[in-house]
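Only one structure is covered here, and it is reproduced in the block below.
The values are calculated or read from the model by the stated rules, or taken from the named source; none is laboratory data. The structure presented is a predicted model; accordingly, all values stated were derived computationally and were not measured. Ideal geometry is used to build each Cβ from the backbone, glycine not excepted, and the neighbour counts take in all protein chains shown.
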2 protein chains.
Amino acid sequence: MKLLRIDICVTLALCLSGGAAQNSAERSLPARTLPTPTTVSPELQEAIAPPWRGMASSAKLTDDQWRAFAKQFDAAGAKLTEELAQKFEVTLSERKIAGVSVYDVKPGTISPENRGRLLVHVHGGAYVFSGGKAAASEAVLMAHYGKIEVLSVDYRMPPDFPFPAALDDSVAVWKEVIKSHNAKSVGLFGTSAGGGLTLATVLKLKELKAPLPGALLAGTPWSDLTKTGDSYYTNEFVDNVLGTNDGLLDGAAHLYAGTHDLKEPLLSPVYGDLSGFPPTILISGTRDLFLSNTVRTHQKLLESGVHAELLVFEGESHAQYEIATKAPESAAAFREAGDFFNRYLAK
Amino acid sequence: MKLLRIDICVTLALCLSGGAAQNSAERSLPARTLPTPTTVSPELQEAIAPPWRGMASSAKLTDDQWRAFAKQFDAAGAKLTEELAQKFEVTLSERKIAGVSVYDVKPGTISPENRGRLLVHVHGGAYVFSGGKAAASEAVLMAHYGKIEVLSVDYRMPPDFPFPAALDDSVAVWKEVIKSHNAKSVGLFGTSAGGGLTLATVLKLKELKAPLPGALLAGTPWSDLTKTGDSYYTNEFVDNVLGTNDGLLDGAAHLYAGTHDLKEPLLSPVYGDLSGFPPTILISGTRDLFLSNTVRTHQKLLESGVHAELLVFEGESHAQYEIATKAPESAAAFREAGDFFNRYLAK
């Protein structure tokens, strides 16, 4: 029997040799089928199983179309916020701080170590969606599982208020919050656009020489608004939440940035100077279109001398830890983030 | 103009609704092209660009074919160990401990805090490859970048010595090492099969009620020897080191396990009781076939109350941090692992 040719790069030398001649800028991948992973809870399997239902399109939306989309999304999001608040016995009340709409989000139980502490939350939604009460759904989950008070910022968004309105609002709220709190006992967090805005807010606070938060959660942060990073390609159509960068996501990036370059650090914070950042925890999933946004930010924080920890959830697409709210993995994500805040926020 | 249907699961409610009707056990992915990421060093780009060069085959190899493969791999691996040792001015000397072949691996510089500390290393290679001097290549990298002494275990392997010979050897060496060292000042590490064996060794030491290491590095551990876990599918053929589980990898798992069930915890340690484990750092890459093996182990450690940290490198396939040794990302991985050991090993 002839020796079968089944190579495996088990030794270093073999991997280093041979491949070079076949180098090219692009590789082809065959069509494949993806089974639903058996390594996650049934609730999460249900969220992972469906294919992405969107459509990639480069057609530009009008401002009115964006508004119509946002209205539809925000109504559904508001309903979810209310359902979660009721389920977890979390109370929400709206007020203004420095002219910005915010929600005070109070859990049924505040743990003894979290008394006097606060988390400021900036919501996700591609900088266009999840305004109004929809803003606070993640804040409800964090307040409940972290047993800590949260202040959720309903920042202004395009098409009416492009960059830097969202950032101005988060900075304005932060400055007001630290008048009555020790900044080191206050954390800042958000997911997706909210993760990007969390990082951008800290970049801006550094620039202003303002006190920084005690710790951060940057959940699958939109840290690069351009289609730059490996998982924009490897997880394209694998991720069933975002699907692809082409179409709505790219449109939202340009709508938010307006005339600004998408790679400005306050828009794409992975390009900023992250030195001096507070301890930061990042969350992603193996199918996340933003896995690269997350791990590039994580590595850059580590290289900048910042203590940074990373969670990657099996099988999850973008932000699925805050979407599949019935899955035990969602509870685990917020509990682990809560533990992190507890370790790093001042008492 | 008609409103375009471009869905995005920005709000929770939308993602939870609608998808359920389309649930199925399997999803189809179209053929795609993968560009080489621009977000990594040129040296790493060179390692990422080539397609996987192996062949998936379910043909069973004879013992003699396995031996011939191993001989070829080990010769190339030994050469690399020697080249790295020379380049980094690391010295290697072979000896026996408890009847097991080991290499003392001494870096040119030992940092002051690492005097008296030691790392025990168990190599990768699917439990079949990288015997002899090939065993020590990763040990050379760790000794150099971590500025710490390493003892690399050249454990016995199949076809002549299946499970539990490798485990018996690592346990025998460990017991001998702690006669002259405080166990808490000694770390244990390995990559791939070596990552799995690191975890299995600690499971066995717990069973024996022997002192445990002070800290662990489980690099992209082969923590599940069956094709179970999402990235076995999502990163199939995306990973250009392992390519697929089908063929050589599956054959090696069965060769190693012999008559044992592949899911026994000492073979697939993700199924073991990980409570009481030492602080552990895990390393993977966004294209790693074992990304799920890594993150499942990380989550299980966290759930078991163990302090565990995760590094995921942009664009990297399985164990590429120890393969693309010229890339700055390789240096970063071993430096970050070295920092971790420095934080957790007793002085």
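Give just the number: which of (1) modelled with pLDDT of 95 or more; (2) buried (at least 21 other Cβ atoms within 10 Å of the Cβ) does B:Leu248 not satisfy?
The number of the failed condition is (1).
Do you know which residues across segment B:272-292 are without any contact (Cβ under 8 Å) to a residue 60 or more places away in the chain and more than 27 Å from A:Asn235 (Cβ to Cβ)?
B:Ser275
Go through the residues of segment B:186-195 one by one and say whether even a single one is of a type in the set (Gly, Ala, Ser) and closer than 29 Å to B:Leu29 by Cα.
yes
What do you reckon, is A:Ser292 modelled with pLDDT of 95 or more and crowded, with 24+ Cβ neighbours inside 10 Å?
Yes: the conditions hold for A:Ser292.
Specify which of the listed residues (B:Ser275, B:Ser284, B:Ser231, B:Ser317) is at pLDDT 95 or above and more than 10 Å from chain A (Cβ to nearest Cβ).
B:Ser275
Restricting attention to segment A:52-68, which residues are buried (at least 18 other Cβ atoms within 10 Å of the Cβ) and either in contact with a Cys (Cβ under 8 Å, 6 or more places away or on another chain) or within 8 Å of chain B (Cβ to nearest Cβ) (or both)?
Matches in segment A:52-68: A:Gly54, A:Leu61, A:Gln65.
Taking segment A:93-136 as the region of interest, how many residues are on the phi < 0 side of the Ramachandran plot and either buried (at least 24 other Cβ atoms within 10 Å of the Cβ) or in a loop (DSSP other than H, G, I, E, B) (or both)? Full working, then the answer.
So in segment A:93-136, the residues on the phi < 0 side of the Ramachandran plot come out as A:93-97, A:100-115, A:117-124, A:128-129, A:131, A:133-136.
If we keep only those that are either buried (at least 24 other Cβ atoms within 10 Å of the Cβ) or in a loop (DSSP other than H, G, I, E, B) (or both) as well, we get A:102-103, A:105, A:107-111, A:115, A:117, A:119-124, A:128-129, A:131, A:134-136.
So the answer is 22.
Based on this model, can you work out whether B:Pro265 counts as more than 10 Å from chain A (Cβ to nearest Cβ), at pLDDT 95 or above, in contact with a Gly (Cβ under 6 Å, 6 or more places away or on another chain) and in a loop (DSSP other than H, G, I, E, B)? If you could, list the steps in order and put the result at the bottom.
Values: more than 10 Å from chain A (Cβ to nearest Cβ): yes; at pLDDT 95 or above: yes; in contact with a Gly (Cβ under 6 Å, 6 or more places away or on another chain): yes; in a loop (DSSP other than H, G, I, E, B): yes.
Yes.
Can you confirm whether segment B:327-340 contains a residue that is within 21 Å of B:Lys227 (Cα to Cα) and either among the charged types (D, E, K, R) or within 7 Å of another protein chain (Cβ to nearest Cβ) (or both)?
no
Is there a residue in segment A:141-152 that is in contact with a strand residue (DSSP E or B) (Cβ under 9 Å, 6 or more places away or on another chain), among the polar types (S, T, N, Q) and surrounded by fewer than 24 Cβ atoms within 10 Å (Cβ to Cβ)?
No - not one qualifying residue is present in segment A:141-152.
For B:Leu92, are the conditions met, namely being within 23 Å of B:Val186 (Cα to Cα) and in contact with a Phe, Trp or Tyr (Cβ under 6 Å, 6 or more places away or on another chain)?
yes
Among the residues of segment B:161-169, are any within 16 Å of the chain's Cα centre (by Cα), in a helix (DSSP H, G or I) and surrounded by fewer than 23 Cβ atoms within 10 Å (Cβ to Cβ)?
Yes: segment B:161-169 contains one or more residues that are within 16 Å of the chain's Cα centre (by Cα), in a helix (DSSP H, G or I) and surrounded by fewer than 23 Cβ atoms within 10 Å (Cβ to Cβ).
So, in segment A:225-245, of the ones that are among the polar types (S, T, N, Q) and not in a loop (DSSP other than H, G, I, E, B), which residue ends up surrounded by the fewest Cβ atoms within 10 Å (Cβ to Cβ)?
So the first thing to find is which residues in segment A:225-245 are among the polar types (S, T, N, Q), and the list is A:226, A:228, A:231, A:234-235, A:240, A:244-245.
Retained after the next criterion (residues that are not in a loop (DSSP other than H, G, I, E, B)): A:231, A:234.
Details: A:Ser231: 27, A:Thr234: 25.
It comes out as A:Thr234.
Restricting to segment B:203-221, count the residues that are touching a Pro at 6+ places or on another chain (Cβ under 9 Å) and surrounded by 24 or more Cβ atoms within 10 Å (Cβ to Cβ). Reasoning before the result, please.
To start, the set of residues in segment B:203-221 that are touching a Pro at 6+ places or on another chain (Cβ under 9 Å) comprises B:203-205, B:212-216, B:218, B:221.
Next, only the ones that are surrounded by 24 or more Cβ atoms within 10 Å (Cβ to Cβ) stay: B:213, B:215-216, B:218, B:221.
So the answer is 5.
Considering only residues that are without any contact (Cβ under 8 Å) to a residue 60 or more places away in the chain and either touching a Leu at 6+ places or on another chain (Cβ under 6 Å) or more than 19 Å from B:Pro159 (Cα to Cα) (or both), which ones fall in segment B:236-265?
If the condition is that a residue be without any contact (Cβ under 8 Å) to a residue 60 or more places away in the chain and either touching a Leu at 6+ places or on another chain (Cβ under 6 Å) or more than 19 Å from B:Pro159 (Cα to Cα) (or both), then B:Glu236, B:Asn245, B:Leu262, B:Lys263, B:Glu264 are the ones that fit.
Kindly establish whether B:Leu197 is among the aliphatic types (A, V, I, L, M), part of a helix (DSSP H, G or I), under 19 Å from the mean Cα position of the chain (by Cα) and farther than 30 Å from B:Arg32 by Cβ.
Judged against the criteria, B:Leu197 is a match.
Quick one: A:Tyr103 ticks every box in (1) at the interface with chain B (Cβ under 10 Å from one of its Cβ atoms); (2) in contact (Cβ under 8 Å) with a residue 24 or more places away in the chain except a single one, so which number is it?
Failing condition for A:Tyr103: (1).
Residues in segment B:204-223 that are of a type in the set (A, V, I, L, M) and touching a helix residue (DSSP H, G or I) at 6+ places or on another chain (Cβ under 6 Å): how many?
Of the residues in segment B:204-223, 5 are of a type in the set (A, V, I, L, M) and touching a helix residue (DSSP H, G or I) at 6+ places or on another chain (Cβ under 6 Å).
May I ask you to verify whether A:Tyr233 is without any contact (Cβ under 8 Å) to a residue 12 or more places away in the chain, more than 19 Å from A:Arg156 (Cα to Cα) and of a type in the set (Phe, Trp, Tyr)?
Answer is yes for this residue.
What do you reckon, is A:Asp288 in a loop (DSSP other than H, G, I, E, B) and within 16 Å of the chain's Cα centre (by Cα)?
Details: in a loop (DSSP other than H, G, I, E, B): yes; within 16 Å of the chain's Cα centre (by Cα): yes.
Yes; evaluated as a whole, the condition is true for this residue.
Within segment B:291-311, which residues are assigned to a helix (DSSP H, G or I) and polar (S, T, N, Q)? Outline the logic, then answer.
Just the residues of segment B:291-311 that are assigned to a helix (DSSP H, G or I), to begin with: B:291-303.
Result: B:Ser292, B:Asn293, B:Thr294, B:Thr297, B:Gln299.
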